[in-house]
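Reading through the structure tokens given below for one structure.
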Amino acid sequence: MEFPEGFITLSDVKIKQKYVSNQPPIAMFTSRDEQVDFGINVTSTAWGDDRPLIRQFYKAGISSLYDNVMFIQDTISQVNGRSFIVFEFVGTVLGEENAFQTQSNLKRYIYIMYT
């Protein structure tokens with residue numbers, strides 16, 4: 001796998017700050033300005049090979065993480081003979097009006113491939 005020039009390994013401390021999870025990624029890389037991250041994770045599942053069903057569950061999970069999700073891609077694709085569930089989307093978390101600190105909306109572009 002090749003990365004754009006200038007990508008560096010994200011430290012464990014930075015990973016914990018940016019990505020709260022009970023299962024940290026096995027590898028995480030970032031651009032020098034930390035605006036673009038690339039992560040790899042492995043998770044075992046008992047779902048078997050029913051990708052259309054798995055896709056529905058993953059999509060529902062993604063949709064529950066954000067106040068608004070605009071899907072750009074929501075498909076099952078073949079890459080080098082391997083089947084991938086592909087989600088490309090922009091997720092928005094709305095700032096809270098009654099928060100102690102003024103919060104603006106957070107928009108994040110995400111591209112995920114599951115296989």
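The values are calculated or read from the model by the stated rules, or taken from the named source; none is laboratory data. Worth saying up front: this structure is predicted, and the values here are computed from it rather than measured. Counting neighbours? That spans all protein chains shown, and the Cβs are built from the backbone with ideal geometry, glycine included. Areas reflect the complete protein model, heavy atoms only, side chains present, ligands, DNA and RNA absent. Shrake-Rupley method; radii C 1.70, N 1.55, O 1.52, S 1.80 Å.
Counting only residues that are surrounded by 12 or more Cβ atoms within 10 Å (Cβ to Cβ) and of a type outside the set (Asp, Glu), how many does region 78-88 have?
Total satisfying the criteria: 5.
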Filter result for Asp50 (within 25 Å of Lys107 (Cβ to Cβ) and over 13 Å from the mean Cα position of the chain (by Cα)): no
Number of positions in region 8-45 that are surrounded by 11 or more Cβ atoms within 10 Å (Cβ to Cβ) and assigned to a helix (DSSP H, G or I): 4
Residue within region 68-82 that is closer than 15 Å to Thr115 by Cβ and among the basic types (Lys, Arg) present: yes
Criterion violated by Thr102 - all others in (1) in a loop (DSSP other than H, G, I, E, B); (2) at pLDDT 90 or above; (3) polar (S, T, N, Q) satisfied: (2)
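Filter region 63-76 down to residues that are free of Cβ contacts under 8 Å to residues at least 12 places away in the same chain and open to solvent by less than 70 Å² (accessible area, probe 1.4 Å) and give me whichever is farthest from Gly95 (Cα to Cα).
At the first step, the residues of region 63-76 found to be free of Cβ contacts under 8 Å to residues at least 12 places away in the same chain are 63-64, 75.
This time we only want the ones that are open to solvent by less than 70 Å² (accessible area, probe 1.4 Å), so: 63, 75.
Details: Ser63: 17, Thr75: 30 Å.
Ranking the candidates gives Thr75 first.
Has region 46-62 got at least one residue that is of a type in the set (S, T, N, Q) and either open to solvent by less than 80 Å² (accessible area, probe 1.4 Å) or touching a Ser or Thr at 6+ places or on another chain (Cβ under 6 Å) (or both)? Steps first, answer last, please.
To start, the set of residues in region 46-62 that are of a type in the set (S, T, N, Q) comprises 56.
Then drop every residue that is not either open to solvent by less than 80 Å² (accessible area, probe 1.4 Å) or touching a Ser or Thr at 6+ places or on another chain (Cβ under 6 Å) (or both), which leaves none.
Checked against the condition, which is being of a type in the set (S, T, N, Q) and either open to solvent by less than 80 Å² (accessible area, probe 1.4 Å) or touching a Ser or Thr at 6+ places or on another chain (Cβ under 6 Å) (or both), region 46-62 yields no hits at all.
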